[in-house]
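The values are calculated or read from the model by the stated rules, or taken from the named source; none is laboratory data. This structure is a prediction, so every number in the text was calculated from the model and none was measured. Cβ coordinates were reconstructed from backbone atoms using ideal geometry, including for glycine residues, and neighbour counts include every protein chain displayed.
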């Protein structure tokens, strides 16, 4: 069974189980049998496990930034606008409290229905979105609040209007400024971490990644179109890109893999948020022990080491 057939069968089983549960006239045995089949399919090793992670990261029912904000933070007050051009709804920013600790939250929001997807531009920020994010992160540093960023974007918006307003410059400026912000920065990849669109909010002291999230310089489809002139070869491209959490942790590009509920975060939003809460608590406790100078030095050294590989002496 290939990946598309697997996903279709999972959706069919979920519909059948929901239908049987809605009918309160027995059928418990049938529900149990279908649930066992669903669990077996979800746990079945696939020919292309990387592609399975891509599909999980893009699952339409997967929780987005606002879903995590609702469950993890209290007294969230959103801040709008970049004070230069406009407000970008693809990025949500605001003050909040995490278990009584004041923090700044910056997240990328995709939207769920058609209206929301259009409002959020499918989670693809424009330059004003990145400038808004940088404005509030500077504000967080001014008041000594840790910054928590939630990455979930297919990439920065590539439209003509975004390019005219300096998309590349906005991303580059964010990367530079985040590298020297004198406050703790925790990055969490909750879904898709697409290219510079994610990296513009991805320079942190600690980079966490959910178990079924992906983080890559390019989408598998675009990579396949460039390498093989065939976007249909996205599955082998996904494997070659090493975009899964285990791959990136092994390469030293992320610091921690956050486990998800059985079947993925889309199966239980509350449990997914609670698992993330536990890791955020430990990470913030560790980072708040460092001085401002130590935070900047640690972040700088961390990213300078990426891509440096040395052969062991024979």
(message) Which of the numbered conditions does residue 176 fail, given that it passes all the others? Conditions: (1) surrounded by fewer than 23 Cβ atoms within 10 Å (Cβ to Cβ); (2) modelled with pLDDT of 95 or more; (3) touching a helix residue (DSSP H, G or I) at 6+ places or on another chain (Cβ under 9 Å); (4) within 26 Å of residue 305 (Cα to Cα).
(response) (3)
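Taking the stretch 98-116 as the region of interest, how many residues are more than 11 Å from residue 146 (Cβ to Cβ) and surrounded by 14 or more Cβ atoms within 10 Å (Cβ to Cβ)?
Keep residues of the stretch 98-116 that are more than 11 Å from residue 146 (Cβ to Cβ), which gives 99-100, 106-116.
Adding the requirement that they be surrounded by 14 or more Cβ atoms within 10 Å (Cβ to Cβ) leaves 106-112, 116.
Final tally of qualifying residues: 8.
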(message) Based on this model, can you work out whether residue 176 counts as without any contact (Cβ under 8 Å) to a residue 24 or more places away in the chain and assigned by TED's automatic domain parsing to the domain that holds residue 108?
(response) yes
(message) Could you check the stretch 94-134 and list, in sequence order, the residues that are touching a residue at least 40 places away in the same chain (Cβ under 8 Å) and out of contact with any strand residue (DSSP E or B) (no Cβ under 8 Å at 6 or more places or on another chain)?
(response) 99, 101, 111, 112, 126, 127, 128, 131, 134
(request) Return only the number of the condition from (1) at pLDDT 70 or above; (2) under 20 Å from residue 152 (Cβ atoms); (3) not assigned by TED's automatic domain parsing to the domain that holds residue 112 that residue 69 does not satisfy. (result) (3)
(message) I'd like to check something: does the stretch 163-173 contain any residue that is more than 25 Å from residue 298 (Cα to Cα), crowded, with 22+ Cβ neighbours inside 10 Å and in the same structural domain as residue 256 (by TED's automatic domain parsing)?
(response) yes
(message) What's the number of the only condition in (1) within 26 Å of residue 298 (Cβ to Cβ); (2) surrounded by fewer than 24 Cβ atoms within 10 Å (Cβ to Cβ); (3) under 14 Å from the mean Cα position of the chain (by Cα) that residue 124 fails to meet?
(response) (1)
(message) Condition first: touching a helix residue (DSSP H, G or I) at 6+ places or on another chain (Cβ under 7 Å) and under 21 Å from residue 203 (Cα atoms). Can you find one or more residues in the stretch 111-123 that meet it?
(response) no
(request) Assess whether residue 193 counts as being at pLDDT below 95 and in the same structural domain as residue 58 (by TED's automatic domain parsing). (result) yes
(message) Please count how many residues of the stretch 17-66 are within 26 Å of the chain's Cα centre (by Cα) and at pLDDT below 70.
(response) 8
(message) Among the residues in the stretch 254-271, are any over 30 Å from residue 14 (Cβ atoms), crowded, with 17+ Cβ neighbours inside 10 Å and without any contact (Cβ under 8 Å) to a residue 60 or more places away in the chain?
(response) yes
